[in-house]
Structure formats: C-alpha cells, structure tokens
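First up is the structure itself, then whatever we jot down about it.
The values are calculated or read from the model by the stated rules, or taken from the named source; none is laboratory data. Computed from a predicted model, the values in this text were never measured in an experiment. Because the Cβ atoms are built from the backbone with ideal geometry, glycine has one as well, and the counts that use them run over all protein chains shown. Heavy atoms of the whole protein, side chains included, go into the accessibility calculation; ligands, DNA and RNA do not. Shrake-Rupley method; radii C 1.70, N 1.55, O 1.52, S 1.80 Å.
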Amino acid sequence: MQKPRFFSQHKDTWFTLLFALLACSVPFITKNDYYIHIACMVGINILIALGMHAVTGLAGQINMGQYGFYCIGAYTCAIIMTKTGLGFIPTLLIVIAISAVFGILVGLPSLRIDGPYLALATIGFAESVRLIINSAAWAGKADGIIRIPKLDFFGLEATTKTQSYFFILAIVLVCIIVVNNLMRSNFGNRFKAIKDDPLIASVMGINVTSVKLLAFMISAIFGGIAGALYASFASYINPTTFIQALQTNFMLMVVLGGLGISWGATLGAVLVTVIFEYTRVYVLYQKIAFGVMMILIVLFLNRGIIGTITHYFQQRAILRQHTQESNLDTLR
C-alpha cells in the first residue's frame with residue numbers, strides 16, 4: 001500500500017515529468033514545421049488555460065476577458081522590443097509587471113459584483129482594450145505591428161520553429177510547476193474556500209478581497225506571458241488576432257479538461273488547440289461546433305474529461321471499500 005500513497009503524494013511531479021517527456025519528443029517525432037507550429041500554439045494556449053484555471057477553476061470568478069490580458073501582453077512585448085531593442089527576457093519581466101497591474105484593476109469589480117455581471121464587466125474590459133489598440137497610432141492601429149524580434153534568451157535567438165518550441169516549452173513547464181505548487185499551498189485552499197462560499201470563507205478569517213485580486217493577477221500574468229510569447233513567435237500582431245471569439249476557446253479549454261483541475265486545463269488546451277487548427281478550413285462552422293460542444297459538456301460531461309475519470313475511480317474505490325466492509329460484517 002506504500003506505493004500508491006507515494007504516487008498520490010507526488011502525482012503532480014510524476015505528471016509534470018511525463019508531460020515534459022512527451023512534449024520534448026514532439027520535434028523528434030516530426031520535422032514538419034506546420035506541426036511544430038501547432039505544438040508552439042498548444043504551449044501558448046496552455047498558459048492561457050492555466051490563467052483561466054486560477055481565476056475561474058480555483059477561485060470561482062467568471063472571467064470572460066482573458067483575451068484582453070493576452071492582447072496586453074502581446075502589444076506590450078511588441079512595442080518594447082521594436083521601439084527599444086530590449087531582449088525578450090527583460091521585456092517579459094516588464095510584461096509580467098504591467099499584466100499584474102491590469103489584473104488587479106480588472107479584479108476590483110469582483111469585490112462588489114459576481115456571476116453574469118462580472119462576466120459582462122470583464123468582457124467590457126477586453127473589448128475596450130481591443131478597440132483602443134485598434135485606433136491607437138502608437139500600436140499601429142488596424143495594421144498592427146510587424147518585424148517583432150524573435151524569441152531570445154539573453155542574446156541566443158531562436159531562429160527555427162523547433163528552437164522556439166523548446167523555448168516556449170521551458171516557460172510552460174515553469175508555469176505548470178508554479179500552478180501545481182500554488183494549488184497545494186494555503187493560497188490554493190483559500191481559492192477553493194472562496195469558490196465554495198465567500199461568506200463562510202470570510203467568517204473563517206480568509207481575506208476574500210486579497211485572494212480575489214490575487215486570482216485575477218495570476219490570470220493576467222499568465223495571459224500576458226502567453227501574449228508576449230505569441231507576439232515574438234509570430235513576429236506580427238494586429239487587433240483582429242485578439243477577438244472575443246477566442247474567449248469561447250479559452251473557456252472551453254478549462255471546461256473540457258475539467259474545471260478546477262490544472263491538468264484538466266492543460267489537456268483541454270491541447271485538445272481545443274489541435275481541433276481548432278485542424279478545422280480552420282471550416283471556419284464558418286467552428287463557432288457553432290464549439291458552442292454545441294460546450295453545451296454537450298455541460299449536459300453530459302459536467303466534470304470534464306479528467307474530472308469524470310477521477311470521479312469514476314473514486315466511486316470504484318468507495319464501492320470496493322463498502323464491499324470489503326460488508327464481507328467482513330458477514331464473516332463476523
């Protein structure tokens with residue numbers, strides 16, 4: 001019985017190692033730049049999904065403006081790197097700081113409103129960001145920003161898609177470790193308490209205000225990092241890249257994998273990104289298909305893929321335990 005307990009105590013570590021092994025094998029399995037490009041977008045979307053996981057999955061705050069943070073991160077990175085010539089890593093630190101500020105500002109309404117009203121407020125924020133950038137000369141207006149420097153690590157530039165992929169993967173692994181450690185910490189327990197009942201959480205001595213703001217700040221930072229990676233990876237951005245339809249994909253990622261489960265958000269990001277990329281030829285039907293998928297998940301798979309699998313094995317374990325206890329009572 002010791003091995004299962006050891007595995008359960010360190011399961012996030014084992015899953016992280018397995019994920020890293022599988023992800024590192026992708027460039028060795030295929031040399032096709034198109035597939036490597038999809039893998040890079042998977043990594044970027046995992047960061048966005050983890051941000052959504054922190055604020056919606058853990059803290060229970062409905063954030064429908066994640067694409068706004070994504071946009072802020074991308075444009076901040078693009079403007080700094082093209083105007084100042086600063087490298088990606090120093091730029092990323094600035095992006096994180098700016099994203100954190102915006103996360104706190106967007107999180108302030110969550111202290112007074114929740115539910116659909118908070119969803120509308122976050123949508124309003126994201127749309128405002130997009131419209132401002134669309135008309136701002138310093139952001140290139142509708143033309144966007146071109147010739148954004150490539151990803152680099154203190155002068156070592158990622159000149160190929162494979163190098164960019166490993167760069168993105170390294171950041172994704174760091175962020176996965178951060179999120180998993182957060183979930184096991186006291187902050188993770190506070191997030192879950194607020195998600196269950198904010199009033200009871202406050203009675204228990206939890207500072208609901210600071211936890212909600214922290215959740216939005218984490219969500220914004222992850223969205224900003226994803227935006228910075230995308231801008232430098234793609235070398236070109238414009239306002240039409242960051243549209244409200246993206247939010248449907250981001251929400252589907254955390255719901256499909258399993259709301260409130262970090263590995264569910266990761267799995268959801270992988271599946272939704274791959275499905276989205278392979279169905280681009282049916283762009284007119286993508287929104288309808290994703291909307292129908294969301295409804296079906298809510299109706300028939302409301303725990304998500306990982307949540308459903310976990311629940312199944314938990315029920316099996318409970319049933320097995322009851323059977324054993326019944327057999328002992330019969331023998332007695």
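Distance between Cα centroids, the range 11-42 to the range 217-295: provide it in whole Å.
So the separation of the two Cα centres works out to 18 Å.
Determine the calculated [θ] at 222 nm for the chain from helices alone, applying -39500 (n - 2.57) to every DSSP H run no shorter than 4 residues and normalising by the residue count; nearest 500 deg cm²/dmol.
Calculated from helices alone, the mean residue ellipticity at 222 nm is -25500 deg cm²/dmol.
Accessible area per residue of the range 147-297 at 1.4 Å probe, in Å²?
46 Å²
Compute the Rg to Rh ratio over the range 122-179 from the alpha carbon atoms, using the Kirkwood formula for Rh, and round to two decimal places.
1.13
Using +1 at the C-beta of Lys and Arg and -1 at the C-beta of Asp and Glu, which of I176, S164, A136 has the Cα lying farthest in the positive direction of the dipole of the range 114-176?
Final value for the positive-end residue is S164.
Using alpha carbons only, how many degrees (0 to 90, rounded to 10) separate the axis of helix 262-278 from the longest principal axis of the chain?
Once rounded, one gets 50 degrees.
Any idea what the dipole of the chain comes to, in debye rounded to 20, about its Cα centre with Lys/Arg Cβ at +1 and Asp/Glu Cβ at -1?
It works out to roughly 320 debye.
Explain nothing, just the number: dipole magnitude of the range 1-155 about its Cα centre with +1 on each Lys and Arg Cβ and -1 on each Asp and Glu Cβ, in debye rounded to the nearest 20.
Approximately 220 debye in magnitude.
Does the range 1-155 classify as rounded, prolate or oblate by the C-alpha gyration tensor (a ≥ b ≥ c root eigenvalues; a/c under 1.5 gives rounded; else a/b over b/c gives prolate, otherwise oblate)?
Oblate is the answer for the range 1-155, as a/c is 1.5 or above yet b/c matches or exceeds a/b.
Taking the full set of protein chains and a 1.4 angstrom probe, give the accessible area of V283 in square angstrom, rounded to the nearest 10.
90 Å²
List the equivalent ellipsoid semi-axes of the range 55-147 in whole Å, largest first, each obtained as the square root of 5λ for an eigenvalue λ of the Cα gyration tensor.
For the range 55-147, the ellipsoid semi-axes come out as 27, 16, 9 Å.
Quick one: putting +1 on the C-beta of Lys and Arg, -1 on the C-beta of Asp and Glu, what dipole do you get for the range 180-332 around its Cα centre, in Debye to the nearest 20?
I would put it at about 80 debye.
Using a 10 angstrom cutoff on alpha carbons, build the Gaussian network for the chain and name the most mobile of C40, C77, C24.
C24
Quick one: angle between helix 283-300 and the longest Cα principal axis of the chain, in degrees between 0 and 90, rounded to 10, please.
20 degrees
Looking at L92, V106, G51, which one has the Cα that reaches farthest to the positive end of the dipole of the chain (charges on Cβ: Lys, Arg +1; Asp, Glu -1)?
Comparing the listed Cα positions along the dipole, G51 ranks first.
Let me know the volume per residue of the alpha-carbon convex hull for the chain, in Å³.
168 Å³
Which percent of the accessible area of the chain is formed by carbon and sulfur heavy atoms (probe 1.4 angstrom)?
Within the chain, the accessible surface is 68 percent carbon and sulfur.
Compute the helix-to-body angle for 304-331: its Cα long axis versus the longest principal axis of the chain, expressed 0 to 90° and rounded to tens.
10 degrees
Could you check which residue among I177, I36, I123 shows the biggest mean-square fluctuation in a GNM of the chain with a 10 Å Cα cutoff?
The residue that fluctuates most here is I177.
As a test of reading the structure, rank F290, F102 by solvent-accessible area (1.4 Å probe, protein chains only), most first.
F102, F290
Local charge sum around R184 (other residues, Cβ-Cβ under 14 Å, Lys/Arg +1, Asp/Glu -1)?
That sum, taken over residues with Cβ under 14 Å, equals +2.
Please name which of I29, Q66, P149 has its Cα lying farthest along the dipole of the range 1-159 towards the positive end, using unit charges on Cβ (Lys, Arg +1; Asp, Glu -1) and the Cα centre as origin.
I29
If N is the number of residues in the range 142-290, what value comes out of its Cα radius of gyration divided by 2.2 N^0.38 Å?
For the range 142-290, the normalised Cα radius of gyration comes out at 1.24.
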